[in-house]
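Below is one structure, written out as structure tokens, with a few remarks after it.
The values are calculated or read from the model by the stated rules, or taken from the named source; none is laboratory data. The shown structure was predicted, so the numbers you read here are calculated from the model rather than taken from an experiment. Please note: Cβ atoms are built from the backbone with ideal geometry, for glycine as well, and neighbour counts cover all protein chains shown. Note: areas computed on protein heavy atoms with side chains; ligands, DNA, RNA excluded. Shrake-Rupley method; radii C 1.70, N 1.55, O 1.52, S 1.80 Å.
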Amino acid sequence: MQRINTSDDDNSVGGLVPAKTPAFWDTSASSLLTGLADFDAKIKSVTTSPNPARLQESDYFNFQTSQKTTQEGHLTSGKISQNLESSLSAAFHLELKSGKKPMLGESKSSQNYRYVKVDDHGSSKLDIGFEKNQVNSARLEKSHDRNLSISRYELGKLVDTKNQPDQQTTVIDLSVNSGRGNTASEQALQRQRVIATLSGKIFL
């Protein structure tokens, strides 16, 4: 974590460097987040229509990914959240028996190909709550929603279309006992359990 955003004023810890993050935060706890500064990136290709016989079939590639990290509260009590998002939308033509681009023309003999469309979205959100320098909650929710459509053409005629949807959601919700009666060793064990369970799992 190089820098985090905050909705609080300039004196909050949200905009400070890691050395001044909450007291419970150290090298081992840092493995819960990505370690990257927040970002927003987009990649977009030029849309083309390579099939003269079916101009409505466009080839394109659009990808977007982002990360947003926020912190609420103060040095001893509050919440750290990190949210990752990615979206992919693409379509392209392939030969029937290979992964190469087909040589498409207006003749029926050139119209043997597969037309593939992909829509894919993924998200991952981690919330870490802490009170009096003790972790008191940890929740990770990841979702993945993808649809793959493959249409097969032979001599210019549609002979088959397959849609392959895939939707998954995973939630890890850890309850942490942060009562005043906890001993230092109990607090340490609970903290280690959170780190061991969620370390590195935020990535899409």
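For PRO165, the criteria (1) modelled with pLDDT of 95 or more; (2) of a type outside the set (A, V, I, L, M, F, W, C); (3) within 22 Å of ASN62 (Cβ to Cβ); (4) in a loop (DSSP other than H, G, I, E, B) hold in every case but one, which is (4). Against the conditions (1) open to solvent by 50 Å² or more (accessible area, probe 1.4 Å); (2) in a strand (DSSP E or B), where does LEU148 fall short? Just the number, please. Among (1) open to solvent by 50 Å² or more (accessible area, probe 1.4 Å); (2) in a strand (DSSP E or B), the lone unmet condition for LEU148 is (1).
Tell me, which residue of segment 46-91 that is over 23 Å from SER123 (Cα atoms) and of a type in the set (Ser, Thr, Tyr) is least open to solvent (accessible area, probe 1.4 Å)? Of everything passing the filter in segment 46-91, SER58 is least open to solvent (accessible area, probe 1.4 Å).
Does segment 116-123 contain any residue that is open to solvent by 50 Å² or more (accessible area, probe 1.4 Å), under 30 Å from GLY35 (Cα atoms) and in contact with a strand residue (DSSP E or B) (Cβ under 7 Å, 6 or more places away or on another chain)? Yes, that holds for at least one residue.
Looking at SER137, is it hydroxyl-bearing (Ser, Thr, Tyr) and part of a strand (DSSP E or B)? The answer is yes for SER137. Selection of segment 97-110 for residues being open to solvent by less than 40 Å² (accessible area, probe 1.4 Å) and farther than 21 Å from THR47 by Cβ yields SER98, SER110. Applying the set (1) open to solvent by less than 80 Å² (accessible area, probe 1.4 Å); (2) touching a residue at least 12 places away in the same chain (Cβ under 8 Å) to GLN168 leaves exactly one unmet item: (1).
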